[in-house]
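S.K.: One structure is given below, represented as structure tokens, and several questions about it will come after.
The values are calculated or read from the model by the stated rules, or taken from the named source; none is laboratory data. Note that the structure is a prediction, hence the values are computed from the model and not measured. Heads up, the Cβs are rebuilt from the backbone with ideal geometry, glycines too, and the neighbour counts pull from every protein chain shown.
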Amino acid sequence: MASRVLSRAQFSRILRTGSRTTAGPVRAYWLHISGVANAFGLTIKNGTLGRAVDRNRWKRIMREIVRSTGFLKGNGCAIVFVLFAKPDRALTRAAWDPLVSGILDTAGAC
């Protein structure tokens, strides 16, 4: 598995069998997969963010935060972030960093 979860099969497996936590408008699912590098994926529920520019901005911010935390240096954990509700915060890194860091700490036992 690469550093990104990209295929439908990978997403489905993690969403179906993984553990989960919710923080604000984001739900995270994670699954331990031995022998592979850590990976992450992003998805947005239909209608959550109306404009493509906002959806792309959210994904870019999330990728930036996950990469800067050092999460990808570990082994065996795949995590998927799902934006399931309209965000109550600005689409800036400063607004999302504490939320994502908290989720990664929770999933750290993965």
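S.K.: Pairs only if they're at least six apart or on different chains, beta carbon under 8 angstrom, first in the stretch 81-97 and within 13 Å of K59 (Cα to Cα), second small (G, A, S) and not in a loop (DSSP other than H, G, I, E, B); list them, first residue then second.
M.R.: Correct list of pairs: F81/A28; F81/G41; V82/A28.
S.K.: Could you go through the stretch 76-87 and let me know if any residue there is buried (at least 17 other Cβ atoms within 10 Å of the Cβ), over 12 Å from V26 (Cβ atoms) and either modelled with pLDDT under 95 or not hydrophobic (A, V, I, L, M, F, W, C) (or both). Talk me through it step by step, then tell me what you get.
M.R.: Start the filter on the stretch 76-87 by keeping residues that are buried (at least 17 other Cβ atoms within 10 Å of the Cβ), which leaves 77-83, 87.
From what's left, over 12 Å from V26 (Cβ atoms): 77-78.
Filter again for either modelled with pLDDT under 95 or not hydrophobic (A, V, I, L, M, F, W, C) (or both), leaving 77-78.
So far as the stretch 76-87 goes, yes, one or more of its residues are buried (at least 17 other Cβ atoms within 10 Å of the Cβ), over 12 Å from V26 (Cβ atoms) and either modelled with pLDDT under 95 or not hydrophobic (A, V, I, L, M, F, W, C) (or both).
S.K.: At least 3 residues that are of a type outside the set (A, V, I, L, M, F, W, C) in each: list the strands (runs of 3 or more DSSP E) lying fully within the stretch 1-98 that qualify. So that I can check it myself, show each step before the final result.
M.R.: Values: elements: 19-23, 26-37, 39-44, 75-83.
By residue number, 19-23, 26-37.
S.K.: For the structure I just gave you, tell me whether F71 is in contact (Cβ under 8 Å) with a residue 40 or more places away in the chain, surrounded by 16 or more Cβ atoms within 10 Å (Cβ to Cβ) and aromatic (F, W, Y).
M.R.: Working: in contact (Cβ under 8 Å) with a residue 40 or more places away in the chain: no; surrounded by 16 or more Cβ atoms within 10 Å (Cβ to Cβ): yes; aromatic (F, W, Y): yes.
No.
S.K.: Which ones in the stretch 6-54 are modelled with pLDDT under 90 and within 13 Å of the chain's Cα centre (by Cα)?
M.R.: Once the filter is applied, which keeps residues that are modelled with pLDDT under 90 and within 13 Å of the chain's Cα centre (by Cα), the stretch 6-54 yields only L6.
S.K.: Could you identify the single residue in I14, I33 that is out of contact with any Leu (no Cβ under 6 Å at 6 or more places or on another chain) and either among the acidic types (D, E) or surrounded by 12 or more Cβ atoms within 10 Å (Cβ to Cβ) (or both)?
M.R.: Details: I14 fails: out of contact with any Leu (no Cβ under 6 Å at 6 or more places or on another chain).
It is I33.
S.K.: Which number in (1) assigned to a helix (DSSP H, G or I); (2) surrounded by 15 or more Cβ atoms within 10 Å (Cβ to Cβ) marks the one condition that C110 misses?
M.R.: (1)
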